[in-house]
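Okay, structure first, notes after.
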Amino acid sequence: ARQSVTAVSKEGEELLDNGFTARSVDAERRVEDLFVDQLISISDVTDEVTSVVTSGMSDEASVEARSGKASAVARRLTREASDDSTFVVEVVALYNGSRYSAYKFRRYTDVRLVMAPELEIGFFGGDHDNFTYPRYNLDAAFFRVYGDGGSPLATKDYFAWSADGAREGDAVFVVGSPGSTSRLSTVAQLVFERDVALPQQLRVLESRAAVLKEFIEAYPDEAEEYDLRNAWFSLENSIKANKGQLEGLNGPVVLPRKAAGEAGLRDSIAARSRLELRYGSLLEDIERIQRAKRAVADQSGAFTMFSSETMTSHLLLRALYGYVHDLLKQRGAPEDRVNEMREGGLAVSDWPPDVDRGFIAARLEELRDYLGPQHPTVRSLLKGDTPDSVAARVVRSSALSDSAGFAALLDEGYLSSSDSSVEVIKSIGSLFFSIGQQLSSFESREENLNAKYGRLLYDVFGTAVAPDASFSLRISDGVVAPYSYNGTEAPAFTSFYGLYDRHHSFGTIASDWSLPERWVDGSETLDLSTPLNLVSTNDITGGNSGSPLLNTNLEIVGLVFDSNIEALPNEYLYRNDQGRTISVDSRGIIEALDHVYDSDRIVLELRSGRLIETEEEADEQQGM
């Protein structure tokens, strides 16, 4: 929603800070490139996808064959679904790619923003309160889907809004599309995650977040122009999530319990000759891959997230595209492949020079620290200088700071130019692709072993063991429940009383707990006892934000927006002793819409299920 608010903001508007409320249907703003998919059906296509894998295939060929076949099946089923472009089919890999399902969706591409609160109340408490509870957030926004002809979509089936909300002990259900979990990983894989992958990722995330924060504080207007606040929020969210996961892997529960489960699995294999024949060395094979990855961990660490637009200098990313573009051209690659590199590089957005400089310096530091100062690539890059001074020199004199300059260099011949970025990318590029090729062989081998491990788990446990999250629809059951933490008790519900307590305790001066002006003024009209946030034991992960929280009558009692920090290790093992899903209470949303935003038409529509086109119409229906 933050990105959508920024996307629909007009010149001179500050909707991210001030919020947006459409007073009529005509005022609702369409968000370009935003779509909604409605799941229609699921069908198993495992046999069709895996039929292309034959004995004797290399790991790379096997992975490529499955991936290519899955894409081909999706395209065929999309064509068969309808000539109408509103149907889309995606083939989803489950159980580490040992099983495949085709998800058929009806796609709606006209989606409009109806209401979004101010950032201060939607992200109340900022990063301090992120992944914590008790919470006091109106982390909710409303969009409307439009059908053919540009009219609001009318649907026969929908989840009604609950006026009464939930109570402690109630059963509740989350319906959503969680992104990814690592619960089917082996102990060896989780140990590698703990010792290598997560620490390397955290270093990159923290250094890039620090650069963005410094720029945002120094140049807030320019940061807003480049939408850097949203980028910084995302990085801070990832940092806290990764730290919580790392803490779980270092703790006394996750790995010992995973090890116990794995020991039981080994016993099951040994007790059944069929399983022993097929899977006898599987766990050892996966462990060997982790040892091989450790052997090149310093080299891979130097390039962690190197090709990510969020984690890499945009100037340096353009240079990488230019490097590959010119090499492909020199080697006589097909024109469409060369053009693909050109278009990819030109699609990289412009960034402020200070941010580019900070990101380049951070990458050079990582190369120096992981590879060592005497490594030939590091010596070629730094030549005895500091990472920051090299980065400043490159940014100051390179034509790659904007897309127009990059396009001109591509036309002239980028690698043969005298641009200051060429020497840097020549030093980095060959090593990056050499390491990438080595890691790719490890990844292909591991992907095939993971698929075999998924088949093992399915053979032994069937669907009693759920597949890892895969951005596909699933339902999670839970109970509204308080929990013990920090030597005290966290209540099942918070209220507006707590919101104003936080504001008056911290936020009367500028801070993450400052309330927007209309909220300060509106405190007298709100029923402060109204529940605002609640917690439940539902199993969620990244991707569930925005999922409805339903009661047993399939009524909306909340809107999921976060986990507490105790739930972050659930990435690897689900536990509900302290881990909780945090939602905005349906009653708190209505109270805020009614008494703070005066959005009577939205309130009436939620309560009645009928479209109210204008605020004037809503006022008439209420006899005002």
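For region 1-19, give me each residue that is outside any loop (DSSP other than H, G, I, E, B), among the aliphatic types (A, V, I, L, M) and out of contact with any Leu (no Cβ under 7 Å at 6 or more places or on another chain).
Across region 1-19, the qualifying residues are 7, 15.
Out of curiosity, is residue 112 open to solvent by 20 Å² or more (accessible area, probe 1.4 Å) and basic (Lys, Arg)?
So residue 112 fits the description; yes.
Could you run through region 407-430 and say how many residues are crowded, with 16+ Cβ neighbours inside 10 Å, in a helix (DSSP H, G or I) and either in contact with a Phe, Trp or Tyr (Cβ under 8 Å, 6 or more places away or on another chain) or hydroxyl-bearing (Ser, Thr, Tyr) (or both)?
Count: 6.
The rows are residues; the columns are (1) over 30 Å from residue 603 (Cα atoms); (2) in contact with a Leu (Cβ under 9 Å, 6 or more places away or on another chain); (3) not polar (S, T, N, Q).
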| site | (1), (2), (3) |
| --- | --- |
| 150 | no, no, yes |
| 175 | no, yes, yes |
| 179 | yes, no, yes |
| 207 | yes, no, no |
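Hey, can you tell me all the residues within region 31-72 that are in a helix (DSSP H, G or I) and not charged (D, E, K, R)?
46, 49, 50, 61, 62, 63, 65, 67, 68, 70, 71, 72
Could you give every pair whose Cβ atoms fall below 6 Å, whose first residue belongs to region 484-504 and is within 17 Å of residue 139 (Cβ to Cβ) and among the hydrophobic types (A, V, I, L, M, F, W, C), and whose second residue is part of a loop (DSSP other than H, G, I, E, B) and open to solvent by 20 Å² or more (accessible area, probe 1.4 Å), counting only separations of at least 6 or pairs across chains?
496/528; 499/136
Would you check which residues across region 496-520 are open to solvent by less than 100 Å² (accessible area, probe 1.4 Å), outside any loop (DSSP other than H, G, I, E, B) and under 18 Å from residue 128 (Cα atoms) and list them?
Those that are open to solvent by less than 100 Å² (accessible area, probe 1.4 Å), outside any loop (DSSP other than H, G, I, E, B) and under 18 Å from residue 128 (Cα atoms): 498, 499, 500, 501, 502, 503, 505, 506, 507.
Between a first residue in region 343-369 that is without any contact (Cβ under 8 Å) to a residue 24 or more places away in the chain and a second residue that is of a type in the set (A, V, I, L, M), which pairs have beta carbons less than 7 Å apart while being 6 or more apart in sequence or on different chains?
Listed by first residue and then by second, the contacts come to 368/378; 368/382.
What is the one condition in (1) open to solvent by less than 50 Å² (accessible area, probe 1.4 Å); (2) farther than 30 Å from residue 141 by Cβ; (3) free of Cβ contacts under 8 Å to residues at least 60 places away in the same chain that residue 89 does not satisfy?
(2)
Would you be able to say whether some residue in region 378-389 is polar (S, T, N, Q), farther than 28 Å from residue 301 by Cα and open to solvent by 70 Å² or more (accessible area, probe 1.4 Å)?
No, region 378-389 contains no residue that is polar (S, T, N, Q), farther than 28 Å from residue 301 by Cα and open to solvent by 70 Å² or more (accessible area, probe 1.4 Å).
For region 311-331, what are the residues that are open to solvent by 60 Å² or more (accessible area, probe 1.4 Å) and assigned to a loop (DSSP other than H, G, I, E, B)?
Of everything in region 311-331, just one residue is open to solvent by 60 Å² or more (accessible area, probe 1.4 Å) and assigned to a loop (DSSP other than H, G, I, E, B), namely 331.
Tally time: how many residues in region 215-224 are surrounded by fewer than 19 Cβ atoms within 10 Å (Cβ to Cβ) and aromatic (Phe, Trp, Tyr)?
Within region 215-224, residues that are surrounded by fewer than 19 Cβ atoms within 10 Å (Cβ to Cβ) and aromatic (Phe, Trp, Tyr) number 1.
Please verify whether residue 439 is touching a residue at least 12 places away in the same chain (Cβ under 8 Å) and open to solvent by less than 30 Å² (accessible area, probe 1.4 Å), treating the condition exactly as stated.
Taking the combined requirement at face value, the residue does not satisfy it.
So for region 266-274 (the condition being touching a residue at least 24 places away in the same chain (Cβ under 8 Å), touching a Gly at 6+ places or on another chain (Cβ under 7 Å), surrounded by 18 or more Cβ atoms within 10 Å (Cβ to Cβ) and not basic (Lys, Arg)), does at least one residue qualify?
yes
Quick check on residue 49: is it over 28 Å from residue 68 (Cβ atoms) and in contact with a Lys or Arg (Cβ under 9 Å, 6 or more places away or on another chain)?
No.
Among (1) closer than 22 Å to residue 362 by Cα; (2) touching a residue at least 60 places away in the same chain (Cβ under 8 Å); (3) charged (D, E, K, R), there is one condition residue 217 misses while meeting the rest; what is its number?
(2)
I'd like the residue in region 138-160 that is without any contact (Cβ under 8 Å) to a residue 60 or more places away in the chain and part of a loop (DSSP other than H, G, I, E, B) and, out of all such residues, is surrounded by the fewest Cβ atoms within 10 Å (Cβ to Cβ).
Selected residue: 156.
State which residue is modelled with the highest pLDDT when the search covers only region 161-170 and only residues that are open to solvent by 40 Å² or more (accessible area, probe 1.4 Å) and small (Gly, Ala, Ser).
Looking at residues that are open to solvent by 40 Å² or more (accessible area, probe 1.4 Å) and small (Gly, Ala, Ser), I get 169.
Being over 15 Å from residue 48 (Cβ atoms) and either open to solvent by less than 40 Å² (accessible area, probe 1.4 Å) or among the β-branched types (Val, Ile, Thr) (or both) is the filter here; which residues of region 72-86 pass it?
Result: 81, 82, 86.
Residue-wise test of (1) surrounded by fewer than 20 Cβ atoms within 10 Å (Cβ to Cβ); (2) modelled with pLDDT under 95; (3) touching a Cys at 6+ places or on another chain (Cβ under 7 Å); (4) among the β-branched types (Val, Ile, Thr).
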site: 194; (1), (2), (3), (4): yes, no, no, no
site: 205; (1), (2), (3), (4): no, no, no, no
site: 208; (1), (2), (3), (4): no, no, no, no
site: 213; (1), (2), (3), (4): yes, no, no, no
site: 226; (1), (2), (3), (4): yes, yes, no, no
site: 230; (1), (2), (3), (4): yes, yes, no, no
site: 233; (1), (2), (3), (4): yes, yes, no, no
site: 237; (1), (2), (3), (4): yes, yes, no, no
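The values are calculated or read from the model by the stated rules, or taken from the named source; none is laboratory data. Here the structure is a predicted model, which means the values were calculated and not measured. Methodologically, a virtual Cβ is constructed for each residue, glycine included, from the backbone with ideal geometry; neighbour enumeration extends over all protein chains shown. Remember, those area values only see protein heavy atoms, side chains included, never the ligands or the DNA or RNA. Shrake-Rupley method; radii C 1.70, N 1.55, O 1.52, S 1.80 Å.
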